[in-house]
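Notes follow once the structure below has been shown.
The values are calculated or read from the model by the stated rules, or taken from the named source; none is laboratory data. Computed from a prediction, not measured in an experiment: that's the story for all the values here. Here the Cβ is made from the backbone with ideal geometry for all residues, glycine too, and neighbour counts use every protein chain on show.
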Amino acid sequence: MTNEKESTFLVTHVESDSAVLKDVHDGQVHTLGSNPGLAVDDAVEATVAPDPPLEVTYQVIEVDERRSLSIDRSDEPPTVQERELAADLQPGELAREPRAGVGEIHVLCPPEGGTEDAVDDVLEDREGTLSRAARLGVNRVEIRSEPRVLSVRYLP
């Protein structure tokens, strides 16, 4: 019986001889006993299995897809649709809207004077934000804001 696991992983740490993968669905962390050329912030759809005999590290058995993820703050303001979504929210509430095609838009209505702090929170939670991007199958995250409107756009 094999302990192979097929999933989507976010590469959270790399060294020349190892890498750390986080399963974006269940949060389980897998330390690789070697680095097959992965880079931090890669999303990898792969199959991993424990290294024998101790099974404390893992190896990549197969990579189905690999893509680089990015997160950036845009100088563009939120769109009309995003402003309309925010207008219906109470401070601290979140709305999720599917994008046409691939991805999602998350709109948050931060409390008065709290928009910059909310943007900083999203940027500081890089691992959580990029894990969500990997789960959604997108390549980039764009953050747009104006007072009382924060838009986190998960884009192909």
Please count how many residues of the range 7-66 are aliphatic (A, V, I, L, M), assigned to a strand (DSSP E or B) and without any contact (Cβ under 8 Å) to a residue 40 or more places away in the chain. 10
Filter the range 1-17 for residues that are in contact with a strand residue (DSSP E or B) (Cβ under 6 Å, 6 or more places away or on another chain) and under 20 Å from Leu69 (Cβ atoms); which is surrounded by the fewest Cβ atoms within 10 Å (Cβ to Cβ)? Glu6
Output the residue which, of all residues in the range 43-87 that are over 22 Å from the mean Cα position of the chain (by Cα), loosely packed, with under 12 Cβ neighbours inside 10 Å and assigned by TED's automatic domain parsing to the domain that holds Pro147, is farthest from Arg153 (Cα to Cα). Ala87
Test Arg140 against the stated conditions and say whether it is at pLDDT below 95 and crowded, with 17+ Cβ neighbours inside 10 Å. no
Per the list (1) within 30 Å of Asp17 (Cα to Cα); (2) exposed (fewer than 12 other Cβ atoms within 10 Å of the Cβ); (3) of a type outside the set (A, V, I, L, M, F, W, C); (4) in contact (Cβ under 8 Å) with a residue 12 or more places away in the chain, residue check on Glu124 breaks on (4)
Residue count, the range 67-97 (criterion: among the polar types (S, T, N, Q) and assigned to a loop (DSSP other than H, G, I, E, B)): 3
Residue list for the range 30-42, restricted to those being out of contact with any Leu (no Cβ under 6 Å at 6 or more places or on another chain) and either closer than 21 Å to Asn139 by Cβ or loosely packed, with under 13 Cβ neighbours inside 10 Å (or both): Pro36, Gly37, Leu38, Ala39, Val40, Asp42
For the range 103-116, which residues satisfy the criterion of being surrounded by 12 or more Cβ atoms within 10 Å (Cβ to Cβ) and either in a helix (DSSP H, G or I) or not β-branched (Val, Ile, Thr) (or both)? Gly103, Glu104, His106, Leu108, Cys109, Pro110, Pro111, Gly114, Thr115, Glu116
For Ala100, state whether it is of a type in the set (A, V, I, L, M) and in a helix (DSSP H, G or I). no
Scope the range 106-152; condition under 11 Å from the mean Cα position of the chain (by Cα) and of a type in the set (D, E, K, R); matching residues: Asp125, Arg126, Glu127, Arg132, Arg135, Arg140
